[in-house]
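The values are calculated or read from the model by the stated rules, or taken from the named source; none is laboratory data. Every value quoted in this text rests on a predicted model; they were computed, and no experiment measured them. Cβ placement follows ideal geometry from the backbone for every residue including glycine, while neighbour counts extend to all protein chains displayed. In case anyone asks, the SASA skips ligands and DNA or RNA and just uses the protein heavy atoms, side chains included. Shrake-Rupley method; radii C 1.70, N 1.55, O 1.52, S 1.80 Å.
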Protein chains: 2
Amino acid sequence: MKPDLLLTNIGQVATLEGHSDSPKVGAQMNDVSVIDNGAIAIKDGKIVAIGPTKDVLSQVTEEPRLPAIEFPGMLATPGFVDSHTHLAFAGSRERDFAMKLAGKTYLEILEAGGGILNTLRSTRLASQGDLVANAFSYAESMLSMGTTTIEAKSGYGLDTENELKMLRAVDELREKLPLNLISTFLGAHAIPPEFEGRTDAYVDLVIDEMIPAVAKSSLAEFCDVFCEQGVFDIEQSRKILLAARGKGMKLKIHADEIVQLGGANLAAEVGAVSADHLLRASEEGLEAMRKAGTIATLLPATAFSLDTDYADARGMIEMGLPVALATDFNPNCANESLFFTIALACYKMKMKPQEALSAVTINAAHALNRGSTHGSIEEGKVADILILDCPNPEYLTWRFGVNLVHTVISNGQVIHTKLGP
Amino acid sequence: MKPDLLLTNIGQVATLEGHSDSPKVGAQMNDVSVIDNGAIAIKDGKIVAIGPTKDVLSQVTEEPRLPAIEFPGMLATPGFVDSHTHLAFAGSRERDFAMKLAGKTYLEILEAGGGILNTLRSTRLASQGDLVANAFSYAESMLSMGTTTIEAKSGYGLDTENELKMLRAVDELREKLPLNLISTFLGAHAIPPEFEGRTDAYVDLVIDEMIPAVAKSSLAEFCDVFCEQGVFDIEQSRKILLAARGKGMKLKIHADEIVQLGGANLAAEVGAVSADHLLRASEEGLEAMRKAGTIATLLPATAFSLDTDYADARGMIEMGLPVALATDFNPNCANESLFFTIALACYKMKMKPQEALSAVTINAAHALNRGSTHGSIEEGKVADILILDCPNPEYLTWRFGVNLVHTVISNGQVIHTKLGP
């Protein structure tokens with residue numbers, strides 16, 4: 001075997017292996033499958049060998065295309081998967097922060113014309129090219145911090161034309177950056193001003209016009225709904241999700257973030273791949289998710305930015321729910337660093353570093369229906385690999401909240417590295 | 001005038017001017033003195049002109065040595081000043097995190113042989129070269145995140161030889177990195193195991209042997225004490241600080257972090273330049289500091305990592321205390337990003353972005369007795385300047401917790417930039 005790229009003498013490799021079929025739950029999340037002094041061989045964008053360095057070298061029969069690179073003392077992990085972001089939007093929202101400082105809540109800022117409606121106006125006015133340029137700068141930053149797979153939601157257009165424009169912008173970005181982008185249609189993110197007081201009419205528009213148009217365009221793999229008090233209630237959310245499912249889309253839901261509406265139960269009922277936020281989810285809702293195999297995606301940076309408490313990650317892990325972590329990067333929580341999210345997960349939600357690592361790799365890949373191809377370092381999987389300036393997984397919580405990336409390999413290509421010339 | 005370096009058309013320049021003589025207090029902290037479309041001319045490592053671009057250009061009579069660089073849409077600020085770090089030490093402490101997860105407090109981890117005593121052992125075993133190598137990697141990371149002035153404390157040697165070794169390591173680092181390092185002697189950081197139960201005897205060693213040796217070496221400008229229950233009490237702290245003052249050293253104190261011992265009052269009494277932490281400081285202690293002109297240095301990343309509440313920044317600002325912010329980078333809080341600290345200051349301590357910016361620039365410079373030379377962009381000051389990928393100071397809180405540095409200029413030299421070739 002003649003690899004394109006050969007990484008050897010890696011201090012530790014956390015492979016996260018053995019869970020391509022289903023996400024990690026319970027104690028599995030605390031085992032990231034560490035190989036000491038590991039090596040990884042890559043060919044045609046795929047991992048072709050992984051194991052202790054001497055075992056991998058014995059499989060390499062021809063010199064690799066590039067000289068082997070050694071990473072002693074460092075940690076290799078799968079590329080991070082950010083399974084919940086609102087990557088594409090126009091404008092920034094620094095002025096909302098003054099309202100937050102004055103003690104206004106998310107819903108109060110929304111009512112004051114700030115928040116999402118502000119971004120809606122900017123995004124409708126923006127060209128597709130503007131959206132691509134903005135999203136590019138955010139995605140490039142994510143990539144430099146080790147995120148190689150990004151889910152990107154629409155949801156700031158809120159009419160058919162502008163939702164499609166957002167999805168096309170993400171699609172255009174695919175050609176411009178070496179990362180794996182997965183699109184989600186979130187037409188039901190807020191009620192646009194022209195439908196104020198007529199939520200049901202807007203729901204009809206989403207179901208009758210937007211979902212068919214998005215499905216026809218093949219621009220989104222998932223459909224998501226912001227199921228929340230004052231936004232879309234359970235019945236409206238159910239109708240939208242079922243309509244999307246009917247068109248072959250997979251489902252996600254913003255569930256039980258601020259008020260306990262029963263979003264977790266709904267996620268289980270409609271077979272959503274993930275339910276996200278879950279700060280106020282009921283035990284019974286979480287139990288329904290567990291039985292349905294719905295992944296709990298926790299977004300602690302949002303709780304940080306809203307200055308609320310955090311989701312009960314420990315309780316969810318202990319009851320056997322698969323937990324994923326994501327940034328929720330969006331104009332209301334503009335932090336794109338999964339290292340920041342991991343810091344919050346460990347220091348505030350009391351997750352162990354290994355659990356956090358499982359949650360941003362294999363479990364997050366499952367939350368995007370990519371568990372069989374991404375999220376772990378295993379033969380045959382896409383070669384998305386990080387080399388971190390970090391000797392072991394525990395160190396991730398010691399040196400918290402900063403970018404520990406040394407080298408990013410995406411789809412088999414070295415795209416960011418601190419290696420000298 | 002022929003500048004070495006000319007920066008023009010900078011979207012906004014936050015100069016922080018007018019406070020070279022004394023730190024900002026109260027409402028002054030909320031005014032960072034913004035110039036729109038600004039320019040900065042630099043010569044011989046100093047700022048020689050600052051103002052609106054057209055005004056600066058009218059003073060430039062000869063072409064600059066390098067072509068002028070334009071930064072439209074960006075924000076220039078003074079280089080960040082991190083006025084409280086424990087930069088030099090050996091070993092890492094990821095294992096302590098498991099104890100934290102199990103609910104142990106800082107003092108309990110200390111009693112279990114973890115914490116600072118762990119670092120003490122590693123640091124005593126380390127060579128000066130080992131310490132330089134470690135500190136280099138942390139300082140380089142700080143520099144890439146905009147910190148151009150760093151205070152570095154000793155305090156993991158805890159005997160004369162090893163304390164001097166730490167200070168020499170910081171001194172050696174001065175030649176290796178283009179940043180401004182200020183050393184603090186912190187022999188009274190903990191009681192070393194060989195003095196267990198004999199704190200007074202250790203205090204005598206600090207006073208009779210260490211302080212004279214450090215003063216003679218000229219390796220430290222400041223003396224600091226960890227005044228805390230179970231460490232050094234008020235009387236012991238007072239003796240040490242007065243002895244250091246007697247040798248011409250300026251003073252700092254770790255005050256009222258975990259238990260209200262009266263460290264704030266002591267800081268005022270001995271004329272300390274700053275008192276740091278202050279989570280439990282009494283109103284009367286803070287009032288004494290205000291009258292004495294002692295700066296309140298707040299370290300929210302430590303509170304984050306210990307999962308405690310935060311210091312009362314709002315109360316301190318409102319009573320007219322000058323507030324500085326620093327990372328407290330140390331083996332118990334290994335986050336070296338002032339962007340992270342600013343995020344905590346704004347989101348958790350309810351500081352305004354402009355207040356936070358004042359607190360990491362001019363006020364932090366005053367906390368290191370460098371207000372007349374650093375911490376603001378003014379004619380005659382050292383040319384430590386950041387260009388941030390950020391249109392205005394408020395944006396710092398919108399895009400929170402990530403490195404927004406585009407270009408770092410330290411001592412007049414461009415040492416880090418995202419500018420293309």
Point to revise | Residues being acidic (Asp, Glu), within 18 Å of residue A:160 (Cα to Cα) and open to solvent by 40 Å² or more (accessible area, probe 1.4 Å) - total across region A:206-245 | key: 3
Study note, to complete from the structure: From the option list B:306, B:325, B:344, B:261, single residue qualifying as in the same structural domain as residue B:150 (by TED's automatic domain parsing), among the hydrophobic types (A, V, I, L, M, F, W, C) and under 27 Å from residue B:239 (Cβ atoms) is B:261
Exercise for review: Starting from residues that are open to solvent by less than 10 Å² (accessible area, probe 1.4 Å) and under 19 Å from the mean Cα position of the chain (by Cα), keep the ones in region A:406-421 and report whichever is nearest to the other protein chains (Cβ to nearest Cβ).
Suggested key: A:408
Point to revise | Residue identified as within 12 Å of another protein chain (Cβ to nearest Cβ), under 16 Å from the mean Cα position of the chain (by Cα) and either part of a loop (DSSP other than H, G, I, E, B) or surrounded by fewer than 24 Cβ atoms within 10 Å (Cβ to Cβ) (or both) among A:392, A:403, A:369, A:335 | key: A:335
Exercise for review: May I ask you to say which residue of A:90, A:76 is out of contact with any Gly (no Cβ under 8 Å at 6 or more places or on another chain) and modelled with pLDDT of 95 or more?
Suggested key: A:90
Review point. More than 14 Å from chain B (Cβ to nearest Cβ) and either in contact (Cβ under 8 Å) with a residue 12 or more places away in the chain or more than 15 Å from residue A:332 (Cβ to Cβ) (or both): does that describe residue A:123?
Key: yes
Exercise for review: Select, from B:357, B:344, B:278, B:321, the only residue that is within 14 Å of chain A (Cβ to nearest Cβ), open to solvent by less than 10 Å² (accessible area, probe 1.4 Å) and either touching a strand residue (DSSP E or B) at 6+ places or on another chain (Cβ under 7 Å) or at pLDDT below 95 (or both).
Suggested key: B:357
Practice item. Output the helices (runs of 4 or more DSSP H) that fall wholly within region A:231-319 and possess 3 or more residues being under 20 Å from residue A:116 (Cβ atoms), or say none. Key: A:234-246, A:300-306
Review point. Out of region A:57-101, which residues are more than 14 Å from every other protein chain (Cβ to nearest Cβ), over 26 Å from residue A:125 (Cα atoms) and surrounded by 24 or more Cβ atoms within 10 Å (Cβ to Cβ)?
Key: A:76, A:77, A:78, A:79, A:80, A:81, A:83
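The rows are residues; the columns are (1) within 19 Å of residue B:407 (Cα to Cα); (2) out of contact with any Ser or Thr (no Cβ under 8 Å at 6 or more places or on another chain); (3) not assigned by TED's automatic domain parsing to the domain that holds residue B:313.
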{"residue": "B:17", "(1), (2), (3)": "no, no, yes"}
{"residue": "B:24", "(1), (2), (3)": "no, no, yes"}
{"residue": "B:39", "(1), (2), (3)": "yes, no, yes"}
{"residue": "B:42", "(1), (2), (3)": "yes, yes, yes"}
{"residue": "B:45", "(1), (2), (3)": "yes, yes, yes"}
{"residue": "B:54", "(1), (2), (3)": "no, yes, yes"}
**Study point:** Close pairs (7 angstrom Cβ cut-off, 6 or more residues apart or separate chains): under 21 Å from residue B:152 (Cβ atoms) in region B:244-269, open to solvent by 10 Å² or more (accessible area, probe 1.4 Å) and part of a helix (DSSP H, G or I) anywhere
**Key:** B:247/B:212; B:247/B:215; B:248/B:215; B:249/B:215; B:251/B:245
Review point. Filtering region A:182-205 down to residues that are among the aliphatic types (A, V, I, L, M) and closer than 19 Å to residue A:89 by Cβ, which residue is most open to solvent (accessible area, probe 1.4 Å)?
Key: A:191
**Study point:** Meets criteria (within 14 Å of chain A (Cβ to nearest Cβ), more than 16 Å from the chain's Cα centre (by Cα) and among the β-branched types (Val, Ile, Thr)) for residue B:327
**Key:** no
Practice item. Filter region A:131-160 for residues that are more than 14 Å from chain B (Cβ to nearest Cβ) and of a type in the set (D, E, K, R) and give the result. Key: A:151, A:153, A:159
Exercise for review: Being over 26 Å from residue B:27 (Cβ atoms) and in contact with a Ser or Thr (Cβ under 8 Å, 6 or more places away or on another chain) narrows it down to one of B:300, B:331, so name that one.
Suggested key: B:331
**Study point:** Test: residue A:105 is at pLDDT 95 or above, assigned by TED's automatic domain parsing to the domain that holds residue A:357 and of a type in the set (S, T, N, Q)
**Key:** no
Practice item. Could you grab me the full set of residues in region A:26-37 that are of a type outside the set (Gly, Ala, Ser) and touching a Ser or Thr at 6+ places or on another chain (Cβ under 9 Å)? Key: A:28, A:29, A:30, A:31, A:32, A:34, A:35, A:37
Point to revise | When residues of region B:134-181 are limited to those that are of a type in the set (Gly, Ala, Ser) and over 19 Å from residue B:91 (Cβ atoms), the one least open to solvent (accessible area, probe 1.4 Å) | key: B:146
Practice item. Could you tell me whether any residue of region B:18-40 is basic (Lys, Arg) and either modelled with pLDDT under 95 or surrounded by fewer than 24 Cβ atoms within 10 Å (Cβ to Cβ) (or both)? Key: no
Review point. Within region A:372-389, how many residues are in a loop (DSSP other than H, G, I, E, B) and within 14 Å of another protein chain (Cβ to nearest Cβ)?
Key: 1
